[in-house]
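One structure is given here, and the rest of the page talks about it.
The values are calculated or read from the model by the stated rules, or taken from the named source; none is laboratory data. As the structure is a prediction and not an experimental result, all values here were calculated from the model. A quick note on method: Cβ atoms are made from the backbone with ideal geometry, for glycine too, and the neighbour counts reach across all protein chains shown. Calculation scope for accessible area: heavy atoms of the full protein, side chains included, ligands and nucleic acids excluded. Shrake-Rupley method; radii C 1.70, N 1.55, O 1.52, S 1.80 Å.
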Amino acid sequence: MSKVIKRVEDFLELGGTEKDIAFFVISGIALLVSIFLPHMLPFDAAWIAIILCGIPIILEAIIGLITEFDIKADVLVSLALIASVCIGEDFAAGEVAFIMQIGGLLEELTVAKARAGIEKLVHLTPQTARIITDGAEKLVQAEQVKIGDILRVLPGETIPVDGIITKGQTSINQAVMTGESLPVDKGIGDEVSSGTVNQFGAFEMQVTKVGEDSSIQRMIKLVQSADAGKAQIVGIADRWATWIVVIALTAAFLTWLISGEIIRAVTILVVFCPCALVLATPTAIMAAIGNATKHGFLVREGDALERLAKVKKVAFDKTGTLTYGTPEVSAVKCVNKKYIEEQIFALAASAEQYSEHPLGKAIVRCYKQKNKDNLLQTEEFQMIPGRGVSAMVDKSSVLAGNREMLSERSIEVHKETQDEIESYVQQGSTVIFVAVEKELAGYVVLNDALRSESANMIQELKKLKVQPILLTGDNENAAITIAKMVHIDEVKAKCLPEDKLNWIAKYQQEKEAVCMIGDGINDAPALKKAEVGIAMGSVGSDIAVDAADIALVDDEVKELPHLLALSKRMMITIKCNLSFSLGLNFLAIILAITGILNPVVGALVHNAGSVLVIVNSALLLKWRKKA
C-alpha cells in the first residue's frame, strides 16, 4: 500500500505537461476499451476520458466566464460535453474531450522554455571592486562604490562600474557592449564601461557612473523593456470563439424548436466543436519546427515562425554573423629591401608566439596554417599592454605592435607606407607593424573573415522580398566594406546596444516587421525587441541565445532564406487548415439539422476532419522551397 501511495505522490509532483500527457494516454486507452471491450468495466470506459480530459476544459471555461467574461473555444466544447452526457451519448462526449486534449498538448509543446538571459546579464556585473584610498587598496562590495572614487582593475578582471582611466595602459574586450571582435587599446583619459573585460595591463580609473546608470545595468533594463513590449499572439480559434458559440447555440436552439428533437441540437453542438480549428495552428507550427530543426534551427518560441512570416526587414550584426568573428591575416607587406614578405610573416609570428592577445594568436595560427616551417627561436619576450610585444627573434630585436609603439621608440614610417596603410584601415582592417633592430621592416594586415555563404544568402533573402540591413558596433569603414561585399544597401555603424534597439523600434513605428540576427551580448536588447530574434547558437553568447526566439545551432547562415520561406509556407498551411475545418463544420451542421448525423457519427466526422488537418500539417516536415 505504501508503494501505491508513493507513486500517487510522485504523479502529483509532475509538471503540468507531464500530467496532460498521462491523462491523454489513459483517455486514449479508455476510448479504445469503450469501442472494442464495452462490457469490460461495470461502467462505460468513455467516462474516464470525460473525467480526465473533459472536466479540466469545463472548469477552465467556467473560470474564464466568471472572472473575465472571456468566451473561448472551451465554452462551446463544455456545452457539447454536458449536452452529450445528458442524453446518454457518453462516447461522443469522451471523444470530443480527447481531441481537445490533443490540441492543448500540442500548444503546450510549442511554448518556449523560460528565459534566463536577464539573470546571466546580472551575473556579468562584478560583485566586488578594488578601491584606492590614501594609496592603499581595499576590496569592497561593488554597490558601495561612489562617483569620484579611484579603482584599480587587474588583468583578466571585469570592470565593475563606468569610469575614466587615470593611470596605466591596457587592452579592453568590449564585446559585451559593442560586439567588436578585437580588443581596444586604452590609455589615460579613455572611458571604460562596466561589464567589459580588462585583458592585459593593470590600470586605475576614476568612477563616473554607478548603479542603474552604469552601462551593464542600462543593458539589463533595455532587455527587460524590449521583452515586455513584444505582443503575444492569441489562438485563432479563441479569436473566433465568441461568434462560433453564438452561431452554434442559435442553430441548436432553432433546430430543437422546429424539429422537437433534442438529439439533433446536441449533434449540432458536437459537430460545431472547433477541434480541427484548434489543431489547425499548433500542428502546423509543430511540423514547421520539426522541419526547421533538420536545417539547424532551434525554435525556442512557439509563435516565432508565425511572426517571422510577417517580416519585411532582416537586421544583421556583422561580427560573428556575416563574418566568422575571428581575425585572419589577409596580407603581409614588406617595406624594407633587406627582407621579403615570408621573412616578415615569420618574424611577426615568432615574436607573437607567447602572446595572449587575439591579434597575436591570429598571426601565429595563420602562419602555421600556411607554412610547415617551425617558428624561429624567441627569447626575452615582453608584452607591452596597449602597444604590442617585443622579443629577441633569431638573435634580432623585433617589435610587433601598433603605431603608438613605433612613435614611442622614434621608428619612422615613410609617407608612401602611411598612405598604403591608411587605405587598409579605411577598409576596416587592423595593421600590426613589424620593426627589426629599431627599423620598420613591414606590416601584417588582419581582417575579420567574411563567411563564404553570406553573399549568396543575402541574394536569396532579396528574392523573398525581404530587405537586409547591417546594424553593427564596428567602425563605419569596416561596416561599409562588409556591406559592399554582401550587397547590403542600408548600413548603421558604431551602434551601441541602445542604438540597435532604437533602430529596430524606428522600423516598427513605420509598420515594418523586423527580424534581428546577432551573436553578442550587445545584441540581446535588439533580439528581444524585434518581432523575431535569431541568435548564432554556436559562436553566440548564452545571453544572446536566451534573448532570441530562434537559435541557429550550427551557424550555417545559408539556411536563413529557407527558414523565412518555411514560415510563409506554414502560414499558408494554417489558413488552408482553418478554411477546411470551418467548411467541414458548416457542412456537418447542415447534415445534423436534417437529422442525417447523430452525435456519435457527428463526432466521428469532425474527428476525421481533425485527422486530415494533422496530415496536411505533417507535409511541412519535409517541405523545401523549389529552386
Region 396-515, relative contact order [Cα under 8 Å, separation at least 6], %: 20
Ranked order, C495, C334 - accessible area, probe 1.4 Å, largest first: C334, C495
Given N residues in region 343-406, what is Rg(Cα) / (2.2 N^0.38 Å)? 1.01
Roughly speaking, to the nearest percent, how much of region 414-477's 1.4 Å accessible area is carbon and sulfur? 45
What does the C-alpha gyration tensor say about the overall shape of region 545-597? Classify as rounded when a/c is under 1.5, otherwise prolate if a/b is larger than b/c, or oblate. prolate
How large is ³J(HN,Hα), in whole Hz, for each residue of region 322-331 in order, when computed from phi with the Karplus curve 6.51 cos²θ - 1.76 cosθ + 1.60 and θ = phi - 60°, using x for Gly and Pro? 7, 10, 7, x, 10, x, 10, 6, 9, 7
Value in Å of the Kirkwood radius, where region 42-102 supplies the Cα pairs that are averaged: 11.5
Cα-Cα pairs above 27 Å in region 331-459: how many percent? 17
Report the net charge of residues surrounding K368, where surrounding means a beta-carbon distance below 15 angstrom and charges are Lys +1, Arg +1, Asp -1, Glu -1. 0
Along the dipole axis of region 319-369 (charges at Cβ: +1 for Lys and Arg, -1 for Asp and Glu; origin at the Cα centre), the most positive-end residue among P358, A346, T321 is A346
Keeping all protein chains in position, work out how much accessible area S452 exposes to a 1.4 Å probe, and write it in Å² to the nearest 10. 100
Which whole-number percent of Cα pairs in region 458-512 have a distance greater than 12 Å? 67
With the dipole of region 400-533 defined by +1 on each Lys or Arg Cβ and -1 on each Asp or Glu Cβ, the option from L470, V436, V532 whose Cα lies farthest towards the positive pole is V532
Need one word for region 271-415: rounded, prolate or oblate. Basis is the Cα gyration tensor (sqrt eigenvalues a ≥ b ≥ c); a/c below 1.5 gives rounded, then a/b vs b/c decides. prolate
Report the relative contact order of region 242-308, percent, no decimals, based on alpha-carbon pairs under 8 angstrom and at least 6 residues apart. 21
